[in-house]
Amino acid sequence: MRERPNDAFREEAYELLAELETSLLELEDNPRDKDVIGRVFRAMHTIKGSGAMFGFDEISAFTHEIETVFDLVRNDEILVTKEMVDLCLLARDQIKAMLDAAGGHLEVDRSRTAHLVGAFRAFLPQAAPAEASPAAIPAPAAAEGAATRTWRIRFRPAHDIFANGTNPLALLRELCELGEARVVAQTDLIPPIDDLHPEVCYLYWDVILTTTADANAIRDVFIFVEDDCEMTLASIDDGGCLDDGDSRKLLGEILVERGDLSAADLERVLTERKRLGEVLVEDGLVKPGQVAAALAEQQALEKQRQNRPAADAASSLRVPAERLDKLVDLVGELVTVQSRLSQTAAGREDAVLTAVAEEVERLVEELRDLTLNIRMLPIGTTFSKFKRLVRDLSRELGKDIELETAGAETELDKTVIERLNDPLVHIIRNSIDHGIEMPEVRQVAGKPRQGTIHLSAIHSGDSVVIEIRDDGKGLDRDAIRRKAIEKGLLGEQDEPSDHDLFLLIFAAGFSTAQTVTSVSGRGVGMDVVRRAIDALRGTIDIHSEKGRGTTIRVRIPLTLAIIESLLVAIGKDRFVLPLSLVEECIELTEGDVAAAHGRNLVRVRDQLVPYLPLRRWFAMEGARPPIEQVVITSLGGQRVGFVVDHVIGEHQTVIKSLGRMYRDVQGISGATILGDGSVALILDVPQLLQGAEAEEKVATHG
Amino acid sequence: MSAFDYVESGEVDGRRCGRLHLGSSLTVAEAAELRLALMAALEDCAVLTLDAAEVGEVDVAGLQGLCAVHRTGVARGRQVLVTGLDVGPWPEILRLAGLRRHEACPLSNDRKNCLWL
């Protein structure tokens, strides 16, 4: 297997770093939130621990420094400051750099590490400079492994423990934080109130702790009261001994099962008998509190035993992405073969074959859905990256911007998410740089000083709509118009609608920014965005209101691998259109064509819809049938028809990309293999739509 | 005025009832005073209700005091009750201190005899 433990660690660490970033950004907003502080600490702690385990000593030592600071934060000894969050984010980046370096040939900037370490040490109280010497850094205990074990701890504080200011409850709290704990107080030493010495500690405790922490970590809790208490620690479950689980039976049950004893007799004897605990207490052999502690221990073990299989079942499996891709490919092939089988079966009147074909069809469909589902990931991971982007960029530009997100749980194909990242970054950068104004400008305009970028994802049919909305100054209509005329995209007299004009910013080389900043404004942004979205078979739409803000809506299909489509024929050739775009099909007779006086318009329920005769568009030979079909599609609110010879029906299309030769063919986005082995081309509706529009324009003006 | 206010609250079934307000802090600093207040209150009535609802701070010394007065009450045939253990820091404190029990008070196996059940 290619995946070595080191790779596994790095992969896990990258995930932890992503989480850490999210937590840190959250911490910036809520510096007192114990929950978030805990999450930051745990992320650091895990990176440190497993880093040491896999030999990433540099990472482990460095993370230790930050963990130390957060340990103090966690214990309310120091407060979270903006500066601290900044440093932590930098440290996160540094850890990431170290991970990158471990994977490739990059060098880590050690002076930067040292600088950060110094900065973190500055947070520590002045009393501890000696302790923070480098020799103390390597992670001490965590390397022993993270197996969950159950411990029995007896903690008996000295009678005079209150005298030196120790609060045993604080120690118990610390112990409880290590894992799942059951605490049983032993009260037997407490005297009647008249004999009570108020400043003497009578209570002592038994704790059953189920934790991943090791013995040293547990002992560390008591490190400051070592001389003032009696503490015993014993493992009552070494992990392995629970494996026998259900096979553990009681004597009575076994006797009943073997037929040596009747169930009724057993029941009778058991009810007559007192419980063991009671007998022992009566005989004065043990105290009731000790029985209570033992029962708690029994319960803890029982619970853990029950939890184990469940935990295993709920665990996930890490699979390399390539393997999943291969699986999707194979399922794609299977879908093709299955449609061939269905076609063959339909051609023969063989009841058995038809039944088998139907069964296969059902299974393949299920398999397809399941496989595509495996590749689905929540888009939230991408969102959290943007939080950081917005934070860093707005600071750089001296703006105050908040990123709101919604629908982070919306799932999309992994590949789609990856390829969506760059275009979304471009759009958000644009919003930050051009959209949102400086705080003072906003204030003058009567808006809150803090600008907001709202990022949301929502499912809509077989696609996901991602919306990026800012409350900035909106697009400058006049500037865009001037620029468009200058670029020859618009005639001097043209007065397009706002919507059409705004769409021009997605044209190549279009930028209205007065100055080029490092953030955006080089005029490469938006057309790159459009091309990337096109490549994902998505669409992009823009709305803007001067002074109020801009909204960009990106619609992306859920998956790139397989789509539901409509299969049509022109002559002997087959084409498919994405079914999601198709509204309806109507007939086009020779009479209709004649009635339109040479214009490519068809009347659909009192509305004129332009159409594009595909036979002519693709310059295909052969005569038109007397009655053609118009497939009416709708895209971004626009309806356009495509004329074909006939409509064959719905089809499961496994998308295959065209070779390099055909990459620039207009109007075709890919190909698919049909059941009979022939190839059908996938029509690129958005591109064809533009073509149809251009033709219509020529027809109107000419 | 003492932090621990005691008031008589009439009679139920011919038994004298009293109510001791436990104030806001039950730590080792108040432990000596608490002990005296508890002793006096227990002396005065047959059914003593301790009102813990306003306690914001409590440590082991405070818990021990309550436990001690209760077991003294059991020994003398008097009833000691606590109210307000479900608010403020109490649920967390009782969990940490291991007093949120499912089993009876260690001095007996009778649920009735445990202050914390």
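The table below gives the values:
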item: Cβ-defined net charge surrounding A:Asp573, 12 Å radius [Lys, Arg +1; Asp, Glu -1]; result: +1
item: Distant-in-sequence amide H partners of A:Ile453 (H built 1.01 Å from N, under 5 Å); result: A:Glu402, A:Leu403, A:Glu404
item: Ascending count of other beta-carbon atoms within 10 Å, so fewest first, for A:Asp573, A:Asp329; result: A:Asp329, A:Asp573
item: Likely footprinting exposure, A:Phe123, A:Phe383, fewest C-beta neighbours within 10 Å first; result: A:Phe123, A:Phe383
item: Backbone HN-Hα couplings from phi across the stretch B:90-100 [Karplus 6.51/-1.76/1.60, Hz, Gly and Pro as x]; result: 4, x, 5, 4, 5, 5, 5, 7, x, 9, 7
item: CD proxy at 222 nm, helix term only [per DSSP H run n ≥ 4: -39500 (n - 2.57); per residue of chain B; nearest 500]; result: -10500 deg cm²/dmol
item: 20 Å-binned pair-distance histogram of chain A (Cα, whole percent); result: 13, 33, 29, 18, 6, 0
item: Reachable aspartates and glutamates, given that their alpha-carbon falls under 18 Å from the alpha-carbon of A:Lys287 and they are not under 8 places away in the same chain; result: A:Asp188, A:Asp206, A:Glu278, A:Glu297, B:Glu103, B:Asp110
item: Mean ellipticity per residue at 222 nm, deg cm²/dmol - from DSSP H runs of n ≥ 4 across chain A, formula -39500 (n - 2.57); result: -14500 deg cm²/dmol
item: Spatial separation of Cα centroids for the stretch A:432-461 and the stretch A:32-85, in angstrom; result: 33
item: Karplus (6.51, -1.76, 1.60) ³J(HN,Hα), θ = phi - 60°, over the stretch A:117-125, in Hz, Gly and Pro reported as x; result: 4, x, 5, 5, 5, 5, 6, 6, x
item: Residue-by-residue Karplus 3J(HN,Hα) for the stretch A:171-179, coefficients 6.51, -1.76, 1.60, Hz, glycine and proline x; result: 5, 5, 4, 4, 5, 5, 6, 6, x
item: Cα-Cα over 31 Å, subset of A:Lys447/A:Lys697; A:Lys82/A:Lys385; A:Lys96/A:Lys473; result: A:Lys447/A:Lys697; A:Lys96/A:Lys473
item: Burial ordering of B:Tyr6, A:Tyr202, A:Tyr611, fewest other beta-carbon atoms within 10 Å first; result: B:Tyr6, A:Tyr202, A:Tyr611
item: Subset of A:Lys387/A:Lys414; A:Lys48/A:Lys399; A:Lys34/A:Lys303 violating a 30 Å alpha-carbon distance limit; result: A:Lys48/A:Lys399
item: Nearest 10 degrees, 0 to 90: helix A:321-347 Cα axis against chain A principal axis; result: 50
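Quick note: the coordinates plus some simple rules give every number you see, no bench work behind them. Computed from a predicted model, the values in this text were never measured in an experiment. Every residue, glycine as well, gets a Cβ built from its backbone with ideal geometry; the counts of neighbours run over all protein chains shown.
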